[in-house]
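The values are calculated or read from the model by the stated rules, or taken from the named source; none is laboratory data. Note that the coordinates shown come from a computational prediction; the quantities given were computed from them, not determined experimentally. Glycine gets a Cβ as well: all are built from the backbone with ideal geometry, and neighbour counts include every protein chain shown. Note: accessible area is taken over every heavy atom of the protein model, side chains too, but ligands, DNA and RNA are not part of it. Shrake-Rupley method; radii C 1.70, N 1.55, O 1.52, S 1.80 Å.
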Amino acid sequence: MPRIFGTDGVRGLANGQLTAELALDLSVAAARVLADRGEFAGHRPLAVVGRDTRISGQFLEHAVVAGLASAGVDVLRLRVLPTPAVAFMTQALGADLGVVISASHNPMPDNGIKFLARGGLKLDDAVEREIEQHLDEPWERPLGADVGRVTPYATAVQEYVDHLLSTIEAPLAGIRVVLDCAHGAAYEAGPAALRAAGAEVVAIGTDPDGLNINDGCGSTHLGPLQAAVVEHGAHVGFALDGDADRCLAVDHTGTPVDGDQIMAVLALGMSERGRLHRDTVVATVMSNLGFVNAMKAAGIGVRQTKVGDRYVLEAMRVSGYSLGGEQSGHVIMSDHATTGDGILTALHVLERMATTGQSLQDLAGIVTRLPQVLVNVPDVDKSRADEDPVVAAAVAEEEAALGDGGRVLLRPSGTENLVRVMVEAGTEEEAHAVAGRLADVVKRQLAL
């Protein structure tokens with residue numbers, strides 16, 4: 001059976017690949033698999049379901065809820081809520097299953113379904129595979145009183161905001177911040193949390209109409225945030241994506257601050273307070289060498305994983321690390337969350353600004369980013385990217401020439417027949433030149 005689950009749940013064009021029928025079948029299969037694995041033993045099973053603001057989330061939510069209830073699972077409908085908030089509520093309410101209906105930073109026509117295990121953790125790959133194998137199978141349906149009850153849950157936003165506030169210690173009074181909620185799932189919780197923490201908040205991207213999520217705003221389009229920060233004379237700005245599991249920032253001049261720089265700011269603060277486990281941050285291989293060098297200079301180690309926040313989280317769970325994330329703005333603070341949380345990240349950056357009295361520009365300045373160039377080489381046999389001797393020799397030659405002042409990374413795409421060539425170097429021109437030479441070698445040697 002072909003895989004339906006990707007690295008972040010099931011995702012696709014809503015009502016295209018991702019239909020109401022598939023959503024219902026996935027929910028039934030998930031309930032059956034968890035029941036067979038003994039997760040519901042001795043009690044009535046409980047699930048929580050939340051979604052972002054996409055119009056397609058309405059019919060997909062009903063399909064998911066119907067599937068779960070028909071399989072005998074009681075359901076609490078959290079309605080519009082950020083992904084990290086659904087994870088928190090799954091844990092806080094002792095639910096056996098959490099379901100998030102969102103396509104995160106993707107455009108509005110897409111949507112997705114992500115299942116969370118008890119405790120708010122992502123389902124293991126093995127469980128997802130079992131769910132795929134149980135799709136469209138005949139099954140014995142519960143009858144009468146054994147079907148699930150469906151209940152609206154009205155206080156999830158406030159409970160989540162209260163949780164966020166409990167994670168910081170310093171008041172944020174005197175800090176003016178612009179928050180771009182991308183017309184997404186955090187349009188209520190985001191501004192509420194920052195205001196309750198004492199910040200003066202200018203909120204944009206808070207008028208979702210079902211169609212405008214991520215549309216020219218949020219973490220994938222920083223222009224509106226940059227303009228608003230300058231216009232309002234704000235000290236800092238933060239941009240969330242559609243489900244608020246990622247966060248990027250801009251300083252008071254409107255200059256972008258990426259996930260690497262945000263992690264560096266948080267890492268130093270946590271290390272100073274003895275809260276950075278083993279004085280190590282988990283990042284992916286795409287993190288800028290400037291970030292790695294800055295952490296090394298501060299006496300902080302960097303454990304690098306494959307690209308994807310799931311791999312970051314896996315490494316954190318195995319070794320108990322307390323901070324990890326990606327350049328794209330997924331930042332995981334495992335003392336407070338089981339997934340990336342954009343609002344949580346913003347609060348802790350603001351707390352660092354409040355306690356140090358420094359601007360984000362100064363705090364983020366510890367990272368001197370190396371110019372980074374990424375070239376996609378299409379129509380190649382990506383399976384041979386790590387094996388071809390000519391490609392390997394070319395990479396080795398360029399790495400030797402760059403020395404400690406740069407690096408090269410060849411990464412096969414997980415979904416397309418292409419290889420990504422990433423180069424960091426001392427100058428933009430040098431990075432482009434090295435990437436161009438390597439891309440030519442990859443295209444010539446791995447051509448289909």
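In the stretch 405-421, which residue that is among the β-branched types (Val, Ile, Thr) and over 14 Å from Met286 (Cβ atoms) is least open to solvent (accessible area, probe 1.4 Å)? Walk me through how you get there before you give the answer.
Going residue by residue through the stretch 405-421, those that are among the β-branched types (Val, Ile, Thr) are 408, 415, 419, 421.
Checking which are over 14 Å from Met286 (Cβ atoms) leaves us with 415, 419.
Values: Thr415: 125, Val419: 0 Å².
The qualifying residue least open to solvent (accessible area, probe 1.4 Å) is Val419.
Inspect the stretch 40-48 for any residue being open to solvent by 30 Å² or more (accessible area, probe 1.4 Å), assigned to a loop (DSSP other than H, G, I, E, B), among the small types (Gly, Ala, Ser) and under 24 Å from His134 (Cα atoms) and give the result as yes or no. Give the derivation first.
In the first step, residues of the stretch 40-48 are kept if they are open to solvent by 30 Å² or more (accessible area, probe 1.4 Å); the result is 41-44, 46.
Keeping just the survivors that are assigned to a loop (DSSP other than H, G, I, E, B) gives 41-44.
From what's left, among the small types (Gly, Ala, Ser): 41-42.
Okay, now just the ones that are also under 24 Å from His134 (Cα atoms), so 41-42.
The answer is yes, given that some residue of the stretch 40-48 is open to solvent by 30 Å² or more (accessible area, probe 1.4 Å), assigned to a loop (DSSP other than H, G, I, E, B), among the small types (Gly, Ala, Ser) and under 24 Å from His134 (Cα atoms).
Which of the numbered conditions does Val318 fail, given that it passes all the others? Conditions: (1) outside any loop (DSSP other than H, G, I, E, B); (2) touching a strand residue (DSSP E or B) at 6+ places or on another chain (Cβ under 9 Å); (3) over 22 Å from Met89 (Cα atoms); (4) hydrophobic (A, V, I, L, M, F, W, C).
(2)
Yes or no: Thr19 within 24 Å of the chain's Cα centre (by Cα) and buried (at least 19 other Cβ atoms within 10 Å of the Cβ)?
So Thr19 does not fit the description; no.
Among the residues of the stretch 421-439, which ones are out of contact with any Asp or Glu (no Cβ under 7 Å at 6 or more places or on another chain), among the small types (Gly, Ala, Ser), part of a helix (DSSP H, G or I) and under 14 Å from Arg407 (Cβ atoms)?
Ala435
Given the residues Val73, Val100, which is the only one that is buried (at least 23 other Cβ atoms within 10 Å of the Cβ), in contact (Cβ under 8 Å) with a residue 60 or more places away in the chain, within 23 Å of Ala126 (Cα to Cα) and in contact with a Pro (Cβ under 6 Å, 6 or more places away or on another chain)?
Working: Val100 fails: in contact with a Pro (Cβ under 6 Å, 6 or more places away or on another chain).
Result of the check over Val73, Val100: Val73.
Name the single residue that is surrounded by the fewest Cβ atoms within 10 Å (Cβ to Cβ) among those in the stretch 187-202 being in contact with a Ser or Thr (Cβ under 9 Å, 6 or more places away or on another chain) and in contact (Cβ under 8 Å) with a residue 24 or more places away in the chain.
Glu188
Restricting attention to the stretch 289-315, report how many residues are more than 26 Å from Phe5 (Cβ to Cβ), of a type outside the set (A, V, I, L, M) and either surrounded by 19 or more Cβ atoms within 10 Å (Cβ to Cβ) or touching a strand residue (DSSP E or B) at 6+ places or on another chain (Cβ under 6 Å) (or both).
Of the residues in that region, 3 qualify.
Say whether the condition of being assigned to a strand (DSSP E or B) and modelled with pLDDT of 95 or more is met by at least one residue in the stretch 347-366.
no
Being loosely packed, with under 14 Cβ neighbours inside 10 Å and outside any helix (DSSP H, G or I), is that true of even one residue in the stretch 385-400?
Yes, some residue in the stretch 385-400 is loosely packed, with under 14 Cβ neighbours inside 10 Å and outside any helix (DSSP H, G or I).
Looking only at the stretch 272-289, how many residues end up being touching a helix residue (DSSP H, G or I) at 6+ places or on another chain (Cβ under 9 Å) and not in a loop (DSSP other than H, G, I, E, B)?
Final tally of qualifying residues: 9.
Applying the selection to the stretch 245-271, what residues are hydroxyl-bearing (Ser, Thr, Tyr) and in a helix (DSSP H, G or I)?
Selection gives Ser271 alone.
Does Gly269 fit the bill of being over 16 Å from the mean Cα position of the chain (by Cα) and touching a residue at least 40 places away in the same chain (Cβ under 8 Å)?
Numbers: over 16 Å from the mean Cα position of the chain (by Cα): yes; touching a residue at least 40 places away in the same chain (Cβ under 8 Å): yes.
Criteria met by Gly269.
Tell me, which residue of the stretch 56-82 that is among the hydrophobic types (A, V, I, L, M, F, W, C) and out of contact with any strand residue (DSSP E or B) (no Cβ under 7 Å at 6 or more places or on another chain) is farthest from Ile101 (Cα to Cα)?
Restricting to residues being among the hydrophobic types (A, V, I, L, M, F, W, C) and out of contact with any strand residue (DSSP E or B) (no Cβ under 7 Å at 6 or more places or on another chain), the top hit is Ala71.
Go through (1) in a loop (DSSP other than H, G, I, E, B); (2) within 21 Å of Ala154 (Cβ to Cβ) for Pro2 and report which single condition fails.
(2)
Can you find a residue in the stretch 367-379 that is modelled with pLDDT of 95 or more and part of a helix (DSSP H, G or I)?
no
Output the number of the condition that Gly237 fails; it satisfies all remaining conditions of (1) free of Cβ contacts under 8 Å to residues at least 40 places away in the same chain; (2) closer than 17 Å to Leu347 by Cα; (3) buried (at least 24 other Cβ atoms within 10 Å of the Cβ).
Gly237 satisfies every listed condition except (1).
Identify, from the list Ala126, Ala117, Ala145, Ala87, the residue that is open to solvent by 10 Å² or more (accessible area, probe 1.4 Å) and under 21 Å from Ile332 (Cβ atoms).
Ala117
Please find, among Gly112, Gly205, the residue that is free of Cβ contacts under 8 Å to residues at least 40 places away in the same chain and crowded, with 23+ Cβ neighbours inside 10 Å.
Sole residue among the options that is free of Cβ contacts under 8 Å to residues at least 40 places away in the same chain and crowded, with 23+ Cβ neighbours inside 10 Å: Gly205.
Is at least one residue of the stretch 287-295 touching a Gly at 6+ places or on another chain (Cβ under 8 Å), touching a residue at least 60 places away in the same chain (Cβ under 8 Å) and under 15 Å from Leu363 (Cα atoms)?
The answer is no, given that none of the residues of the stretch 287-295 is touching a Gly at 6+ places or on another chain (Cβ under 8 Å), touching a residue at least 60 places away in the same chain (Cβ under 8 Å) and under 15 Å from Leu363 (Cα atoms).
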